[in-house]
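**Q** Got a structure for you, questions after.
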Amino acid sequence: MKKLTAKKYAQLLFELTKGKNKKEIDEMVKKFAALLKKKSAVSLAPEISRLFNELALNSENRAGLKIKTPKKLSKALLEKIEQASKDLFKKDGFEKEVIITNGITSGVILECGYQIVNLTSDYFFKNLEAKMKS
């Protein structure tokens with residue numbers, strides 16, 4: 001018998017928990033964990049969890065949004081970024097993760113699923129320089 005992929009397990013778990021209350025979901029997750037152990041698929045758990053979360057967010061027209069920035073952003077600025085991202089990525093809301101990185105001078109990089117929008121000054125000036133040379 002062919003082994004299931006992490007994606008198939010995530011879809012299965014999502015279907016099994018859809019519309020259930022917290023107690024029912026907790027019970028279903030325990031049974032699901034036992035199934036993974038029985039099928040020697042415990043190593044897939046992190047990927048299953050990530051894909052399950054993605055399915056749950058997509059069902060609500062939401063998504064994960066990584067915001068990479070060189071410094072801590074104010075609450076007001078984060079709200080503006082989220083509002084602009086709703087239009088940009090066509091989503092109703094986001095599960096945000098702010099990552100402070102010293103690899104950026106100024107601006108932000110937005111990652112939503114497989115889409116990346118680079119709004120950094122480094123990227124802007126690099127493109128400007130390339131256009132001036134051509």
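**Q** Does ILE67 qualify as being in a strand (DSSP E or B) and either within 27 Å of TYR9 (Cβ to Cβ) or not assigned by TED's automatic domain parsing to the domain that holds LEU12 (or both)?
**A** Against the criterion (in a strand (DSSP E or B) and either within 27 Å of TYR9 (Cβ to Cβ) or not assigned by TED's automatic domain parsing to the domain that holds LEU12 (or both)), ILE67 qualifies.
**Q** Residues in region 4-37 that are hydrophobic (A, V, I, L, M, F, W, C), at pLDDT 90 or above and either part of a loop (DSSP other than H, G, I, E, B) or under 18 Å from ASN58 (Cβ atoms) (or both): how many?
**A** Residues meeting the conditions: 6.
**Q** Step by step: first the residues of region 106-134, then only those that are of a type in the set (A, V, I, L, M) and under 27 Å from the mean Cα position of the chain (by Cα), then the one that is nearest to GLU82 (Cα to Cα). Which residue is that?
**A** Looking at the filtered set, the residue picked out is LEU110.
**Q** Here's another thing I want to ask about it. What do you reckon, is ALA76 out of contact with any strand residue (DSSP E or B) (no Cβ under 8 Å at 6 or more places or on another chain) and either without any contact (Cβ under 8 Å) to a residue 12 or more places away in the chain or surrounded by 15 or more Cβ atoms within 10 Å (Cβ to Cβ) (or both)? Spell out the reasoning first.
**A** Working: out of contact with any strand residue (DSSP E or B) (no Cβ under 8 Å at 6 or more places or on another chain): yes; either without any contact (Cβ under 8 Å) to a residue 12 or more places away in the chain or surrounded by 15 or more Cβ atoms within 10 Å (Cβ to Cβ) (or both): yes.
Taking the combined requirement at face value, the residue satisfies it.
**Q** Restricting attention to region 82-134, and to residues there that are among the basic types (Lys, Arg) and outside any helix (DSSP H, G or I), which single residue is surrounded by the fewest Cβ atoms within 10 Å (Cβ to Cβ)?
**A** Of all residues in region 82-134, those among the basic types (Lys, Arg) come to 86, 90-91, 96, 126, 131, 133.
Remaining after also requiring outside any helix (DSSP H, G or I): 90-91, 96.
Numbers: LYS90: 10, LYS91: 20, LYS96: 13.
For region 82-134, the residue satisfying everything is LYS90.
**Q** Kindly indicate whether any position in region 11-21 is in contact with a Lys or Arg (Cβ under 9 Å, 6 or more places away or on another chain) and in contact (Cβ under 8 Å) with a residue 40 or more places away in the chain.
**A** Start the filter on region 11-21 by keeping residues that are in contact with a Lys or Arg (Cβ under 9 Å, 6 or more places away or on another chain), which leaves 16.
Cutting the leftovers down to in contact (Cβ under 8 Å) with a residue 40 or more places away in the chain gives us none.
Checking region 11-21: not a single residue is in contact with a Lys or Arg (Cβ under 9 Å, 6 or more places away or on another chain) and in contact (Cβ under 8 Å) with a residue 40 or more places away in the chain.
**Q** Another question, if that's okay. Looking at (1) modelled with pLDDT of 90 or more; (2) within 30 Å of LEU4 (Cα to Cα), which is the only condition LYS68 fails?
**A** (2)
The values are calculated or read from the model by the stated rules, or taken from the named source; none is laboratory data. Please read all numbers here as calculations on a predicted model, not as lab measurements. Note that we place each Cβ from the backbone using ideal geometry, even for glycine, and neighbour counts take in every protein chain shown.
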